[in-house]
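Rule-based calculations on the coordinates, nothing more; no lab input. For clarity, every value in this text was computed on a predicted model and none was experimentally measured. FYI the Cβ positions are ideal-geometry reconstructions off the backbone, even for glycines, and counts take in every protein chain you see.
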Amino acid sequence: MPETVLLLTLIVLPFAGAVAAGLMPTHARNAAGALAGAVALFCLLLVWVAYPTVSAGDVLRAEWAWMPALGLNFSLRMDGFAWLFAGLVMGIGALVVLYARYYMAEDDPVPRFFAFLLAFMGAMTGVVISGNLVQLAFFWELTSLFSFLLIGYWHHTTAAREGARMALTVTATGGLALFAGVLVLGHIVGTYELDAVLAAGDRIREHPLYLLALILILLGALTKSAQFPFQFWLPNAMAAPTPVSAYLHSATLVKAGVFLLARLWPAMAGTDAWFLLVGGAGLVTMLLGAYVAIFQNDLKGLLAYSTISHLGLITLLLGLDSQLALVAAVFHILNHAAFKASLFMAAGIIDHETGTRDIRRLSGLNRSMPFTGRLALVAAAAMAGVPLLNGFISKEMFFAEALSAEGPLGLVKILPFAAMLGSAFSVAYSLRFIHGAFFGPDPVDLPRTPHEPATWMRFPVEILVLICLGVGVLPAATVGPFLDLAVRSVLGNEVPYYSLSVWHGFNFPLLMSFIALAGGVALYLLLQGWLRSETEGEPLLRRFEGKRIFERAMVFLSWRLARRLEGIASTRRLQPQLRLIVAVAFLAGGAAVWVRGLGPGNLPPAPVDPVLALVWAVGGTCALGAAMLAKFHRLAALILVGGAGLAVCVTFVWFSAPDLALTQLTVEVVTTVLLLLGLRWLPKRVEVPGDGGPEVLTRARRLRDLGLAVSAGGGLAALSYAVMTRTPPELLARDFLARAYTEGGGTNVVNVTLVDFRAFDTLGEIFVVAAVALATYALLRRFRPAADSVEPPVQQQDQLSADLAEPGTERPVADWLLVPFTLTRLIFPVMALVAAFLLLRGHDLPGGGFSAGMVVAIAVILQYMIGGTAWTEDRLAWLRPRVWIGAGLLLASGTGLAALGFGRPFLTSYFGYINLPVIGEMPTASALIFDIGVFALVVGATLLMLVALAHQSVRGRRATSRALASLAKAGRARILAGDD
């Protein structure tokens, strides 16, 4: 299989599977599980297919030009280290899917669960095989998003919602810091490509911005891997279903941080700052997590804190300036994935079969669940570092590195003792897990009678425990080649000698292992009195609970600080808010001009045409009139604003810009109508000061607003004048005019620029338009008009009566509406043809998707205004604004992605000629599809806002008392019970 297809499939297939699973019906439990398992197994097969290539020392690469001018390409890269992690993601993922099929309850929406799981799998794969740091940061944030959905899957519980919110807040904030660090790192190296960054280690470490980049990147890595001081979010994520916990803790989310540290180790390690920050955080986390784990009464809580501790151990190893420490860290990543996934699954089995995870209520399960008990015993022993299991070998390597570590401030002197103490703690909490759940008297008063789970539910645990045994007994034969492959891809040809033998003779690391084992057993026995008591929490640290600190910080930020800032910068009235926005914009622009200086250019001003001056005078008069009347005469102000817009439209025509004029005209029509529809729902004008009492419009206040408006408008005019008197217009347009037809296939330079040369800007803008439309719709659905809003006029009561009639009944049309009603029905197909005409000719002549979409919107608005909401929506069945928005975004984005399939940069358009029968040779451009997407988006966004406004009139509980009274007299009134 070509490496390009292989790598792209690894990324795309999980997301495609997520979409397919999400479209399945809620009860499709088996189908969704089979789909998720098939995707994970097929991706695992693809990873194995790549093994011969990466084992030979080669790197699989695939790259598509995205924005080459900015050094941003969609780049995929798989070396030995990425191969190993991809195998973990897919292998553990396949076992988790099988386990989840039997764990999830029948009434759970299981297809949605597997959709989230597959999307998370795809995001994690993207992190692992990204060859571009900006791209890696993008997938990094996707893992935070999908983990939020997985942790909050049981969103009906408070714990799930709070745990998901905390996880997203911490990890996404760290992701923003990581993105900033990536930008700094790219600035240092001159590129964001991972190969170049890894090869520029000396330049990075010697750069003045190294420390800044290091801190920012560590914020991302340490928050994701729950390292001190960000460790508090991970235990609160235990409200997630146990399959999620098993996956997140063993091979994916929390491993992303240590993956990044190991990935960037050649470029950023080897300094005192790296040793102190990375090693210090790992040391504190290892001890703190292990200590707290001993006193947890929830099985999953115990395992969560043990994960924090083991991740701290890995982070500590990566912080040491030692290649052997890196080898030990990568080895322990593998071992931890095996025993931690099996332990979480065992804890889930206990919860599933007994109804509780509380160690204080569990005991003696070894008699009712003997197979599960033995599997959990082996996995816990591996976690404790018992000989002949995989955890023992990596722990022994850790002890060896702690003895030989070198670093500043004498910190290395305490490392051997800290390593033994942390290992003793791990023995203690492992003993508590096994002894508390499986030994002792038979349990009483359990919610369910304990018994062995289904065979296939236990099968993933058996596989993982078998791996723990195999690696512990035959490490070199089982995992040796894979570990060597991963280490060589990180260190290159400078891999030091290391041995994976079980027996290295009697030495200090072996002695430390036995001291830790004995110390852990003794500590567990000494703590029996405390552990059996009803005391909650752990000694010494109960007041330093991270969750409490986080909640207090969130309360301070979201309540006290935000409320105070809101009180300073915001009011309940619109005018002061607009005044503040305009003032800030003016000051920002003025500051830039003050620093850089601004003056007129050397081009002579063009002569003033008296007719155009008259047009501007009319427009300016309309604008000033609107400003004067806006306080108490909204309708008059809106009409005058429309007059100013028409003056702008005439100006565009005067300067031979028909595209801009057409767009301006259609936008003026649509916005004026939408604003008119919204005016009736505003409260009556009352002279109020501040937030509630009478405000006197003094001369000083009017002069203040006038001065601010004149300053902002005059400043923008001065800036425009300075720009237009510096460069001749023909020089600005020369490049676009020369390339419009030869490269874009169109003679309409404006349209070609929008859908080809600057298509990326247009794509971003239509996404913004979609977001604004959806936000407007959501806000208006919750909108409740003021009690004193304008009542419907008498002329509209017949129309309102028709809108509120029973569904399926004939809606009568008033006599005075017959003529305009008939005309609007006849004019609609004509306007649709005009829109199609503008759309299809836009690439060569004035028109395009935006203006065509606005024409369709105007046609529909006319139907709403004359026919009413109910009549229009009954007859225009295709009027589904959200579908139009989605289709527009998919078409526009798909056009850009299609270019990648042909090896061209994102949104590169195709232009050529095709021969058609009769018609002959005809020019074609792929930008037309992009323009159709813009057209669909504009139609959908405009109509969505229109629908939101129109539905205000047909919501019975919002209808004004006067309208309801009038309808009641006619015998047609009723109050609608629903929201619509």
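Here is how the numbers come out for the structure above:
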quantity: C-alpha long axis of helix 415-438 to longest principal axis of the chain, angle in °; calculated: 90
quantity: Mean separation of Cα contacts under 8 Å (6+ apart) over length of the chain, as relative contact order %; calculated: 9
quantity: Gained length - LEU491 relative to LEU833, 0.36 nm times residue gap less alpha-carbon distance; calculated: 116.6 nm
quantity: Built amide H within the under 5 Å cut-off of LEU72, gap 5+; calculated: MET67
quantity: Normalised per residue, the volume of the convex hull around the Cα set of the range 111-261 (Å³); calculated: 88
quantity: Residue-by-residue Karplus 3J(HN,Hα) for the range 204-216, coefficients 6.51, -1.76, 1.60, Hz, glycine and proline x; calculated: 5, 5, 8, 7, x, 8, 4, 5, 4, 4, 4, 4, 5
quantity: Protection proxy ranking of 38-48, 121-131, 470-480 - average other beta-carbon atoms within 10 Å, highest first; calculated: 121-131, 38-48, 470-480
quantity: Whether the range 279-346 is rounded, prolate or oblate, judged on the alpha carbon gyration tensor where a/c under 1.5 counts as rounded; calculated: oblate
quantity: Per-residue Cβ neighbour rank within 10 angstrom, fewest leading, TYR497, TYR721, TYR913; calculated: TYR497, TYR913, TYR721
quantity: In degrees, nearest ten, helix 133-151 long axis to first principal axis of the chain (Cα); calculated: 80
quantity: Folded to 0 to 90 degrees: helix 390-404 orientation relative to the chain principal axis, Cα; calculated: 90
quantity: The range 126-198 and the range 50-125: distance between their alpha carbon centers, rounded to Å; calculated: 15
quantity: Lysine pairs in the chain with Cα atoms under 26 Å, if 8 or more residues apart or on separate chains; calculated: 16
quantity: Global geometry of the chain, whether rounded, prolate or oblate, following the gyration tensor of its Cα atoms and the 1.5 cut on a/c; calculated: prolate
quantity: Sequence ranges 835-847, 444-456, ranked by mean other-Cβ count within 10 angstrom, highest first; calculated: 835-847, 444-456
quantity: Cα gyration tensor category, rounded, prolate or oblate, for the range 696-742 with a/c compared to 1.5; calculated: prolate
quantity: Amide hydrogen neighbours beyond the local backbone of ASN132, cut-off 5 Å, H modeled; calculated: SER75, LEU194
quantity: Calculated [θ] (222 nm, deg cm²/dmol) that DSSP helices of n ≥ 4 give over the chain, each run adding -39,500 (n - 2.57); calculated: -22500 deg cm²/dmol
quantity: Residue order, fewest to most beta carbons within 10 Å, for LEU638, LEU525; calculated: LEU525, LEU638
quantity: The range 179-271: relative contact order as a whole-number percent, Cα under 8 Å and 6+ apart; calculated: 33
quantity: Interchain or long-range residues, amide H under 5 Å from TYR910's placed H; calculated: SER926, ALA927
quantity: Vicinal HN-Hα couplings computed from phi for the range 159-166 (Karplus, 6.51 cos²θ - 1.76 cosθ + 1.60; Hz; Gly/Pro x); calculated: 4, 5, 5, 5, x, 5, 5, 5
